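Notes to accompany the following structure.
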Amino acid sequence: MKFILGKKLNMTQIFDEAGNVHGATVITAGPLVVTQVKTKEVDGYEAVQVGFGERRVKNINKAQQGHFKTLGNFAHVKEFPKAGDAKVGDKIDVSTFAVGDTVTVSSISKGKGFQGVIKRHQFEGGPRSHGQKHSERAPGSISGGTRNGGRVPKGMRMGGRMGSDRITTQNLKVVAVDTENNQIFIRGAIAGRKGTLVEILAK
């Protein structure tokens with residue numbers, strides 16, 4: 001299994017060999033540094049812990065500083081299923097990926113705050129005539145004649161916090177890899193704002 005962490009930059013267009021254009025998301029990925037290799041004997045499961053990004057030492061607690069030792073001051077620490085013979089201190093960069101790889105991408109979507117039912121659940125709203133005055137975007141009845149006897153049913157779609165959810169998109173294609181600038185180009189859109197942490201997995 002191949003994996004890497006990165007930050008979303010922007011979207012661009014990539015032309016393939018046949019001259020077809022593809023919309024692609026640009027991600028600055030890696031390099032990652034292996035900070036720990038977990039084993040069944042010691043930890044009860046197998047995994048590889050990696051560090052990505054940098055931050056000031058004063059923002060890292062003493063336990064993490066001791067754990068990282070001289071490997072670096074990492075902003076993000078993640079675990080992935082163990083693949084190959086990784087060792088503490090090994091580096092992982094975008095060269096592990098190739099054009100045509102099918103990847104699974106996870107990231108946090110943009111936060112949109114508190115939203116009503118029209119934006120959050122795509123309700124149509126009420127009619128713009130027949131005596132309606134201030135209820136064009138109202139949700140309508142939330143209980144009434146349901147089998148719950150006047151109680152609000154569980155799962156009722158209502159207004160509330162929208163966005164800031166972990167979104168995983170499968171079966172995306174790598175359309176270009178730039179090893180010099182540590183960038184990977186993935187066809188299609190990826191959830192999140194600029195600078196969002198992105199996890200990329202490929203079998």
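Looking at (1) surrounded by 15 or more Cβ atoms within 10 Å (Cβ to Cβ); (2) small (Gly, Ala, Ser); (3) assigned by TED's automatic domain parsing to the domain that holds Ala189, can you tell me which one Ala98 breaks?
Evaluating Ala98 over (1) surrounded by 15 or more Cβ atoms within 10 Å (Cβ to Cβ); (2) small (Gly, Ala, Ser); (3) assigned by TED's automatic domain parsing to the domain that holds Ala189 leaves (1) as the failure.
Answer with yes or no whether Ala63 is loosely packed, with under 10 Cβ neighbours inside 10 Å and among the aliphatic types (A, V, I, L, M).
For Ala63, the condition - loosely packed, with under 10 Cβ neighbours inside 10 Å and among the aliphatic types (A, V, I, L, M) - is met.
Of everything in segment 1-46 that's closer than 24 Å to Lys91 by Cα and polar (S, T, N, Q), which residue is surrounded by the fewest Cβ atoms within 10 Å (Cβ to Cβ)?
Among them, the one singled out is Thr39.
Please pick out the residue among Ser95, Ser129, Ser106 that is part of a loop (DSSP other than H, G, I, E, B) and of a type in the set (S, T, N, Q).
Numbers: Ser95 fails: part of a loop (DSSP other than H, G, I, E, B); Ser106 fails: part of a loop (DSSP other than H, G, I, E, B).
Of the residues listed, the single one that is part of a loop (DSSP other than H, G, I, E, B) and of a type in the set (S, T, N, Q) is Ser129.
Going residue by residue through segment 82-91, is there one that turns out to be surrounded by 15 or more Cβ atoms within 10 Å (Cβ to Cβ), modelled with pLDDT of 90 or more, under 19 Å from Val37 (Cβ atoms) and not assigned by TED's automatic domain parsing to the domain that holds Lys7?
no
Here's a check for you: in segment 103-149, which residue that is surrounded by 10 or more Cβ atoms within 10 Å (Cβ to Cβ), among the small types (Gly, Ala, Ser) and over 30 Å from Glu199 (Cα atoms) is nearest to the chain's Cα centre (by Cα)?
That would be Gly116.
The values are calculated or read from the model by the stated rules, or taken from the named source; none is laboratory data. Here the structure is a predicted model, which is why all the values come from computation and not from measurement. Counting neighbours? That spans all protein chains shown, and the Cβs are built from the backbone with ideal geometry, glycine included.
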